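Q: Take a look at the following structure, please.
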Amino acid sequence: MTSMRYTTYDSPLGELLLVADGAGTALVSVSVPGQRGGATVQPDWTRDAPEAPAPVLAEARRQLDAYFAGELKEFRLDFAARGTEFRERVWEALDTIPFGATTTYGEIAARIGASRAAVRAIGGAIGANPLLIVRPCHRVIGADGSLTGYAGGLERKERLLALEGAAV
């Protein structure tokens, strides 16, 4: 496996760690410090050079700038995040939640053809999403409309939903 490339990004939510594959063409992770299950820089990773940035990291920074400025509603980045088949189905369902909208864990289960009994597993898959913000797990709320778990912290989830004008 090739070494990952990484950079940090100062966002309104705090510093984000952006990680790309070794070629710098696909995003592997977007995380915040202290995030449950979040990425941490490894000794064999390469810090991205400002004079020769990895294409996907430069594009992720540009799109995050536009998102936080209220100018971007849908991220268009190549992802290389991998998980079980079930997790990947859940993550793909997250990509279909429109900007400013919310959905529930039960609705995600229905979208992927899982039973209502799978809601706990859906929550686990959403919690394992390695691409905070760009793969919008913050748009999933409890069936009663409550803000429930978010690997980046509920305060960040609330701020993201407010940025998008989501009614919660």
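No lab work stands behind these numbers, since they all come straight from the coordinates. Note that the coordinates shown come from a computational prediction; the quantities given were computed from them, not determined experimentally. Virtual Cβ from ideal backbone geometry, glycine too; neighbours counted across all protein chains shown.
Q: For the range 91-143 and the range 54-73, compute the distance between their C-alpha centroids and round to whole Å.
A: Between the Cα centres of the range 91-143 and the range 54-73 lies a distance of 22 Å.
Q: What are the ³J(HN,Hα) couplings of the range 20-35, residue after residue, when phi is run through the Karplus curve with 6.51, -1.76, 1.60 and θ = phi - 60°? Round to Hz, x for glycine and proline.
A: My calculation for the range 20-35 gives 10, 5, x, 7, x, 10, 9, 7, 9, 7, 10, 9, 10, x, x, 5 Hz in order.
Q: How charged is the neighbourhood of residue 112? Take every other residue with its Cβ under 9 Å from the Cβ of residue 112, and add Lys/Arg as +1 and Asp/Glu as -1.
A: Working: positive: 89, 111; negative: 92.
Summing Lys and Arg as +1 and Asp and Glu as -1 gives +1.
Q: Taking every pair of alpha-carbon atoms in the range 6-87, what share in percent sits in each 5 Å bin, from 0 to the bin with the longest distance?
A: 3, 14, 24, 26, 21, 9, 3, 0
Q: Hey, what's the per residue convex hull volume over the C-alpha atoms of the range 38-80, in cubic angstrom?
A: On the way: hull volume 4.7 nm³, N = 43.
Spelled out: Cα convex hull of the range 38-80, divided by residues, is 109 Å³.
Q: Per the Kirkwood treatment, what hydrodynamic radius in Å, one decimal, follows for the chain from the mean inverse distance over all distinct Cα pairs?
A: Details: mean 1/r = 0.0615 Å⁻¹.
Kirkwood radius, the chain: 16.3 Å.
Q: Rounded to whole Å and ordered largest first, report the semi-axes of the equivalent ellipsoid of the range 76-168 derived from its Cα gyration tensor (root of 5λ).
A: Value: 19, 16, 12 Å, ordered largest first.
Q: Considering amide H positions built from the backbone, and no H for Pro or chain starts, which residues 5 or more places from residue 80, or on another chain, come under 5 Å of its amide H?
A: For residue 80, the qualifying residues are 27, 28.
Q: What trypsin sites (Lys or Arg not before Pro) does the range 60-168 have in DSSP loop regions with at most 11 other beta carbons within 10 Å?
A: Values: sites: 61, 62, 73, 76, 82, 87, 89, 111, 116, 120, 139, 156, 157, 159; in loops: 73, 76, 82.
Counting only loop positions with at most 11 other Cβ atoms within 10 Å, the trypsin sites (Lys or Arg not before Pro) in the range 60-168 are 73, 76, 82.
Q: Remind me, relative contact order of the chain in percent, using alpha carbon pairs under 8 angstrom and six or more residues apart?
A: 21 percent
Q: Just name one of 70, 37, 134: the one whose Cα is farthest towards the positive end of the charge dipole of the range 5-144 (beta-carbon charges, Lys/Arg +1, Asp/Glu -1).
A: The residue sitting farthest along the positive end of the dipole is 37.
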